[in-house]
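Each reported figure results from applying straightforward, stated rules to the coordinates on display, with no laboratory input. As the structure is a prediction and not an experimental result, all values here were calculated from the model. Don't worry about glycine lacking a Cβ; one is built from the backbone with ideal geometry, like all the others, and counts go over all protein chains shown.
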């Protein structure tokens with residue numbers, strides 16, 4: 001399995017199991033056009049390789065994701081939404097690293113940094129290992145795995 | 001039998017997810033306590049009877065591995081059933097958790113997986129629990 005496939009699989013299973021949302025690998029026009037950044041998050045890792053998993057959510061998705069995770073009818077307050085995004089990024093990161101480095105590799109993950117500046121506006125940067133984009137409701141989630149030199 | 005449960009995770013959303021998943025699993029739940037790190041968890045364990053603890057590994061103040069060590073060193077707590085719920089994928093670290101007498105559930109998880117692991121570690125038969133998806137009566141107590 002290549003890294004992008006591993007990233008897609010980790011993100012899909014995490015969003016399904018934790019958020020009860022079922023992502024699409026092919027974006028609809030609405031999903032592709034969603035341009036309002038709802039949240040951004042970074043989880044740094046250190047081990048046999050160092051880097052970060054970065055995630056951004058566009059459209060009107062984050063409130064539904066957090067509400068589903070919490071079992072609420074409506075979206076929770078913004079701080080809780082950010083915490084939910086951080087946990088999703090943390091779980092995706094923890095699941096994709098063994099696919100890249102093997103299950104014997106030991107990594108230390110940082111606490112998720114949420115509310116960071118938009119992080120994915122350089123998708124072709126030299127440290128980008130893989131990028132995954134998934135449609136979600138009327139928005140989308142973009143995830144990048146970066147490897148620091 | 002209803003399980004008194006302690007959920008230990010520094011992320012409040014994940015604590016809620018775990019409690020929600022426990023309820024969805026159909027396991028009979030009694031008191032539900034929660035703590036944001038190992039130190040808080042020990043304080044809860046000193047004050048309440050807990051049958052089962054679901055514990056994250058990476059937490060500030062006191063992480064999950066140290067919490068399990070402290071529990072196993074305490075004669076009044078050492079037999080506590082502990083399930084580590086973590087994103088950890090390193091076989092080395094998972095093996096250490098298992099040597100500490102805990103079970104391991106990888107995030108993300110399903111109600112079925114949680115249920116199977118709880119029944120396995122507690123040794124309780126699968127005869128008195130509700131069907132998957134049925135509501136159970138647990139409440140937030142701390």
Output the residues belonging to the range B:92-113 that are touching a helix residue (DSSP H, G or I) at 6+ places or on another chain (Cβ under 9 Å), farther than 22 Å from residue B:22 by Cα and within 13 Å of another protein chain (Cβ to nearest Cβ).
B:93, B:96
Within the range A:1-22, residues in contact with a strand residue (DSSP E or B) (Cβ under 9 Å, 6 or more places away or on another chain) and more than 13 Å from chain B (Cβ to nearest Cβ) come out as A:2, A:3, A:4, A:5, A:7, A:8, A:22
For the range A:18-36, how many residues meet the condition of being out of contact with any helix residue (DSSP H, G or I) (no Cβ under 8 Å at 6 or more places or on another chain), buried (at least 18 other Cβ atoms within 10 Å of the Cβ) and not in a loop (DSSP other than H, G, I, E, B)?
1
Might you check whether a residue that is in contact with a helix residue (DSSP H, G or I) (Cβ under 6 Å, 6 or more places away or on another chain), under 20 Å from residue B:58 (Cα atoms) and away from chain B (no Cβ under 11 Å) occurs anywhere in the range A:84-99?
no
When (1) over 19 Å from residue A:103 (Cβ atoms); (2) within 14 Å of chain A (Cβ to nearest Cβ); (3) surrounded by 17 or more Cβ atoms within 10 Å (Cβ to Cβ); (4) in contact with a helix residue (DSSP H, G or I) (Cβ under 7 Å, 6 or more places away or on another chain) are applied to residue B:37, the one that fails is (4)
Those residues that are farther than 27 Å from residue A:101 by Cα and within 15 Å of the chain's Cα centre (by Cα), I need them from the range B:73-111; list them, please.
B:77, B:78, B:79, B:80, B:81, B:82, B:101, B:111
Which of (1) without any contact (Cβ under 8 Å) to a residue 60 or more places away in the chain; (2) surrounded by fewer than 21 Cβ atoms within 10 Å (Cβ to Cβ) is the odd one out, the single condition residue B:44 does not satisfy?
(1)
